[in-house]
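Participant: Would you mind keeping the following structure in view while I ask a few things?
Every number in this text was worked out from the coordinates using simple rules, so none of it is lab data. Here the structure is a predicted model, which means the values were calculated and not measured. Don't worry about glycine lacking a Cβ; one is built from the backbone with ideal geometry, like all the others, and counts go over all protein chains shown.
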Amino acid sequence: MPELCGIELAHPVINASGTYDAIAARKVFGDALLDEFPFAAFVSKTITPEPRTGNAPRRIWETPSGMINSIGLPNKGLEGFLAEDLPQLRELPVPLIVSVMATTREEFARCVERIARRREVAAIELNISCPNVHSGLIVGENPSETEALLQTLRPLSEKPLIVKLTPNVADPAAVAAGAERGGADAISLINTLKGTAIDPATGEPALGNGYGGLSGPAVRPVALEQVRSVRATVDLPIVGMGGISTGADAAEFLALGASIVAVGTENFRDPRAGSRVAQELESSLRRERISEPVLDLD
């Protein structure tokens, strides 16, 4: 049975943060969702210390083999999440991983400390694609900033801390190494690639914010290379993601050293993508085992 940081999983497929709204899905599918939940663990949308409304529309733009999103992390904030969303998410039949983001170590610490107290939370994902207001540096772009953040957060909880890396740096493996030195329990990658698009009808930027994050099959080769590079650098478990649409895609990430995988953009097209990818992956791995040569020791 696969596992992540000691958390047992029914299969090696989870969701990427922000790509599947379990609360909304339950309103649509009812309690049947609990019987056939598509993921082996659920990662919440990213929670910030204070509520956010998100970016101005338009927020999503389809591209060849993917999409650009400029959602902007809309959420109820830490207190709203704990009071309104967590009681609903605790009813899911799988382990819960809560994703958090902040702009200072102190605010990160407040989020981690409050969320770690809740027994229903199995692990915490740290979305570190954010600026540190003390230094002006993007935490996830600088290994020493990443290490310092983890050194601040590590003593606050015994629960696993999963660091989600940005791919928009020259050397993600160095950032992963900083996270490992600071006490991270696992690495998650990749997040979206910076991108933009022009609306051909107007000649203006297609997204209200002017730019966003590219995801989908188009980013998979980049994701695979970064997983390979990080695996060669750190010994931590890796959650691999980036353009996974099929079990064969997932198998590529596992072959390069990912411990488990996450499905993101494909969830917008197929709400049961997690289950389908897991089934296809199992079939693929079974075929590989059958095709292995049998040694004749006689």
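Participant: Tell me, V94, V163, V219 in order of fewest to most beta-carbon neighbours within 10 Å?
Facilitator: By the 10 Å Cβ count, ascending: V94, V219, V163.
Participant: Here's something else I'd like to know. If neighbour count is taken as other Cβ atoms inside 10 Å, put T146, T53, T152, T166 in order from fewest to most.
Facilitator: Result, fewest neighbours first: T53, T152, T166, T146.
Participant: Still on this structure, I have one more. When the helices in the chain are scored as -39500 (n - 2.57) per DSSP H run of 4 or longer and the sum is shared across all residues, what 222 nm value do you end up with, to the nearest 500 deg cm²/dmol?
Facilitator: It lands at -9000 deg cm²/dmol.
Participant: Just rank F37, F253, F268, fewest to most, by other beta-carbon atoms within 10 angstrom. Provide the component values of the computation, followed by the final result.
Facilitator: Details: F37 21, F253 27, F268 16.
Arranged by neighbour count, lowest to highest, F37, F253, F268 become F268, F37, F253.
Participant: Compute a Gaussian network model of the chain, connecting alpha carbons closer than 10 Å, and tell me which residue from L285, L82, L92 fluctuates the most.
Facilitator: Evaluated over the chain, the most mobile residue of the options is L285.
Participant: Starting from the Cα of K159, draw a straight line to each of the lysines and keep only those under 20 Å, dropping any in the same chain fewer than 8 residues away.
Facilitator: K45
Participant: Rounded to the nearest 0.05, what FRET efficiency is calculated for T103 and K27 with R0 set to 25 Å and r the Cβ-Cβ distance?
Facilitator: Between T103 and K27 the formula returns 0.20.
Participant: Run the simple label-point estimate for D35 and R286 please: 7 Å along Cα→C-beta, distance reported in nm.
Facilitator: Between D35 and R286, the simple spin-label model gives 2.3 nm.
Participant: Here is a follow-up. Give me the extension gain from S65 to Y211: residue separation times 0.36 nm, minus the current Cα-Cα distance, reported in nm with one decimal.
Facilitator: Contour length minus Cα-Cα distance gives 50.8 nm.
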